[in-house]
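The values are calculated or read from the model by the stated rules, or taken from the named source; none is laboratory data. This structure is a prediction, so every number in the text was calculated from the model and none was measured. Note that we place each Cβ from the backbone using ideal geometry, even for glycine, and neighbour counts take in every protein chain shown. For the accessible areas, the whole protein counts, side chains as well, though only heavy atoms, and no ligand, DNA or RNA atoms are used. Shrake-Rupley method; radii C 1.70, N 1.55, O 1.52, S 1.80 Å.
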Amino acid sequence: MTHTRLAALGHEEPPLLALAQRLLTVAESGLPAMLLPGGEAFAFTMAGHRAADGSWTLERRGTSTRYAAITALGVRFLPEDRQRAALGGRTAEEFTGLLIESLPGVSNLGDAALIAWAAAETGHPKLSDALAQVDALDEEGRPQYTVEAAWVLSALAAARDTVDVERRFSSVRDRLLRARLGDGPLFPHATGPGLVPGYRAHVSCFADQTYPLQALARAHASGDGDPEALAAAEACAARICELQGDGGQWWWHYDARTGRAVEGYPVYSVHQHAMAPTALFDLADAGGSDFGASIRKGLRWMTDVPELAEHPEKQEPLILDELGATWRKVYRGDPKKAVRAVRGIGTRAVPGLRLKWLDRVYPPLAVDRECRPYEFGWMLFAWQGGRI
């Protein structure tokens, strides 16, 4: 049976349904190779290597707890046999159990929050243990990175029906809402001062928008309703959609004070096919606006990449079906992210400063040929999900 979100996509724009189904097939075929030997952890990334004959191979590099948890969150929507195929013979709940067992050695709040979220969503009996580790790492009154603070709220929202988290939930929800700078709709990179250097404290990224708007939408849907949280999620979504590029690009860096884009590149595949759809779908499911047109526009970028289309010698596919991968991003190739740094410093002094000559010096024509497990986890979450 076609999932509701996919069915709606097929109704609105049939060619994009085929694209989404193609991407989901790539995700399921690619995930098993991303498991480390033993099947108990996922690699941090798969790096592409091109042979003399033009063929590609992938090399596992590093390990990532958070990517494993995100993968579990997405894979749980698959039938059991396909969960086991993606997770080394385990169901999403069983795999989450391995992550819970690893919690005593987890020192990162975001990693712990994602594990707790996965525990709540899979109905794992040790959910309380996972939440206890989140509490231990999340010191009250201490600033946190916005993305991680949002994951804590999403975890607590998912756990509300099972565990009494109301006091903590209220505090975490308020922290996220208070993090915004002035009356702007966008979120900063951290919930308070001290974590980000002053010269770029105003600069936030796309993830700093999607995860909070998703968490606040889920907070609204998880209880008796929270109009303030829903309104904040709605305002953030409306602004990033208003700023979306003509080619469907979800831009990378924003000025959280003014709600303007600071620097567009890189454009990440995961934003286009997974993270933006995940957040915007959850907002609609919670009773917010339908931003389906923006989702479809962003998804279309995966095959119609305007950055490369104007330069035939640079064109290459971002979806590699037989390899089970989607290349990670299109970027400028500037040394040490120089354009982002210059624009960040410039907009600190002059909000809205563009310095357009940088676009000519460093055009976005490079492709980052790697693929990470969380890209596929959120893709499955976006297009197979919809629990609210």
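Any residue in region 211-230 that is touching a strand residue (DSSP E or B) at 6+ places or on another chain (Cβ under 8 Å), aromatic (F, W, Y) and open to solvent by less than 40 Å² (accessible area, probe 1.4 Å)?
no
Looking at A92, A43, A68, which one is over 18 Å from C371 (Cα atoms) and in contact with a Phe, Trp or Tyr (Cβ under 9 Å, 6 or more places away or on another chain)?
Checking each option against the conditions leaves just A92.
Scan region 1-52 residue by residue and report those that are in contact (Cβ under 8 Å) with a residue 40 or more places away in the chain and among the β-branched types (V, I, T).
T4, T25, V26, T45
Please verify whether C236 is modelled with pLDDT of 95 or more and surrounded by fewer than 23 Cβ atoms within 10 Å (Cβ to Cβ), treating the condition exactly as stated.
No, not satisfied.
Kindly evaluate T122 against the criterion of being closer than 18 Å to G74 by Cβ and open to solvent by less than 30 Å² (accessible area, probe 1.4 Å).
Taking the combined requirement at face value, the residue satisfies it.
Among the residues that make up region 162-185, is at least one of them within 22 Å of the chain's Cα centre (by Cα), buried (at least 24 other Cβ atoms within 10 Å of the Cβ) and touching a residue at least 60 places away in the same chain (Cβ under 8 Å)?
Within region 162-185, not a single residue is within 22 Å of the chain's Cα centre (by Cα), buried (at least 24 other Cβ atoms within 10 Å of the Cβ) and touching a residue at least 60 places away in the same chain (Cβ under 8 Å).
Of (1) in a helix (DSSP H, G or I); (2) hydrophobic (A, V, I, L, M, F, W, C); (3) under 30 Å from A92 (Cα atoms), L177 satisfies all except one. Which?
All conditions pass for L177, except number (3).
Which residue out of R90, R76, R84 is open to solvent by 10 Å² or more (accessible area, probe 1.4 Å) and either within 19 Å of A325 (Cβ to Cβ) or touching a Gly at 6+ places or on another chain (Cβ under 8 Å) (or both)?
Testing whether each residue is open to solvent by 10 Å² or more (accessible area, probe 1.4 Å) and either within 19 Å of A325 (Cβ to Cβ) or touching a Gly at 6+ places or on another chain (Cβ under 8 Å) (or both) leaves just R90.
Regarding region 354-366, can at least one residue be identified that is among the aliphatic types (A, V, I, L, M), within 30 Å of L73 (Cα to Cα), open to solvent by less than 60 Å² (accessible area, probe 1.4 Å) and modelled with pLDDT of 60 or more?
no
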